[in-house]
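The values are calculated or read from the model by the stated rules, or taken from the named source; none is laboratory data. Keep in mind that what you see is a predicted model, and the values were worked out from it rather than measured. A quick note on method: Cβ atoms are made from the backbone with ideal geometry, for glycine too, and the neighbour counts reach across all protein chains shown. Calculation scope for accessible area: heavy atoms of the full protein, side chains included, ligands and nucleic acids excluded. Shrake-Rupley method; radii C 1.70, N 1.55, O 1.52, S 1.80 Å.
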Amino acid sequence: MNFQERKKKILAALDQAESLSVFELAEILVASPATIRRDLGDIAEEGLLLRTHGGAMKMENQVLTGFQEKSGVNNSTKERIAENAASCVQDGDIIFLDCGSTVFQMCRFLKKKSIRVITNSLPILAELIDVPSIQINLIGGELNKARKAIHGEKAVQHINGYHAHKAFIGVDGLSAENGLTAHSEHESTITTAFIRNAGQVMLLCDASKIGKDSYVKFAELSAIHTLITDSDSEKVDALRQQGVNVEVAE
């Protein structure tokens, strides 16, 4: 039985019993206690269960922490981009993190840093809330349940009250002709506020969105300090020719 199969069985068992010891899980899965301990550590890092002394318990807030698995499209690509972006964060930084799935992937690479995070993302809150070295400023406003994020005019006013060293944002479309575009006005207004109140703007964008335009045009290419993407192409070169600094995540 591989890790993914064991993970499914562990989560199913915890869903039924709510909490189990390492030895109870070892018996259920017919695996060694050492294997179960390792699995529980890995699953806990994904935010899908809570480690206890001698075992694990069901995560009550899976609606938030399950976001990582639900955002699995192009996951390995997003991880590479996110790791590159996280390397730009220094101890002492104040950073904006938006509610995009690629930005969310930065969380695992930020946990050893001593920083302050300002975010409208509930999954990011759930992922970082127990990290002692990270202070969190959760933006207030209207909750978009589908996006698990805070939006609206009150949220923009909240952001306008702060300044961050760096903003890490995503887009739905990016092109040399139309700049940054989004599917909705809700997300574009939040992203615009992040851009306006940050010293540097880091755009995390995989190649599938480059050269494409979405519904709302909300920022020019000049708003970007650095584009972090996963591959080079003619479309990326077109952005370079417009003055965009591009980093390709290996």
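Things to note:
- Ligands, DNA and RNA left out, the accessible area of the chain computed with a 1.4 Å probe is 48% carbon and sulfur.
- Measuring nothing but how far apart in sequence close Cα pairs (under 8 Å, 6+ apart) lie, relative to its length, the range 3-58 scores a relative contact order of 41 percent.
- Computed FRET value (nearest 0.05) for Phe3 with Phe23, which takes r as the C-beta separation and R₀ as 25 Å: 0.85
- Longest site-free stretch - the chain; sites: trypsin sites (Lys or Arg not before Pro), DSSP loop, at most 12 other Cβ within 10 Å: 1-111
- Here's the picture: charge each Lys and Arg Cβ at +1 and each Asp and Glu Cβ at -1 in the range 75-248, and of Asn160, Leu174, Val131 the one pushed furthest to the positive end of that dipole is Val131.
- Spread of Cα-to-Cα distances over 5 Å intervals beginning at zero, given as percent, for the range 3-58: 4, 24, 40, 27, 5
- Chain lengthening between Asn245 and Gln200 when straightened (0.36 nm per residue, less Cα-Cα): 15.0 nm
- With Cα atoms as the point set, the chain shows a radius of gyration and Dmax of 19.6, 61 Å.
- Taking every DSSP bridge with both residues inside the chain, close to 45 percent are antiparallel.
- Estimated [θ] at 222 nm from DSSP helical runs (n ≥ 4, -39500 (n - 2.57)) normalised by residues in the chain, nearest 500: -11000 deg cm²/dmol
- Computed from the C-beta positions of Gln90 and Glu234 and an R0 of 45 Å, the FRET efficiency is 0.85 to the nearest 0.05.
- Pairs of lysines in the range 101-250 (C-alpha under 29 Å apart; 8 or more residues apart or interchain): 28
- Coordinate range along principal axes, alpha carbons of the range 203-250, Å, largest first: 30, 20, 18
- Zone residues, the range 207-239, relative to Asn178, backbone N less than 19 Å from point 7 Å out along Cα-to-Cβ: 207-224, 235-239
- Where the chain is the region considered: accessible area per residue in Å², 1.4 Å probe: 49 Å²
- Charged-residue dipole, Cβ positions (Lys, Arg, Asp, Glu), the range 75-248 about Cα centre, Debye nearest 20: 440 debye
- The GluC sites (Glu not before Pro) found in the range 157-198 that occupy coil by DSSP, while having at most 16 further C-beta atoms within 10 Å, are Glu177.
- Extreme residue, positive dipole direction of the chain, given options Ala13, Gln200, Val117 (C-beta unit charges): Ala13
- Here the spin labels are modelled as points 7 Å beyond Cα on the Cα-Cβ line, and at Ala34 and Ile136 they lie 3.5 nm apart.
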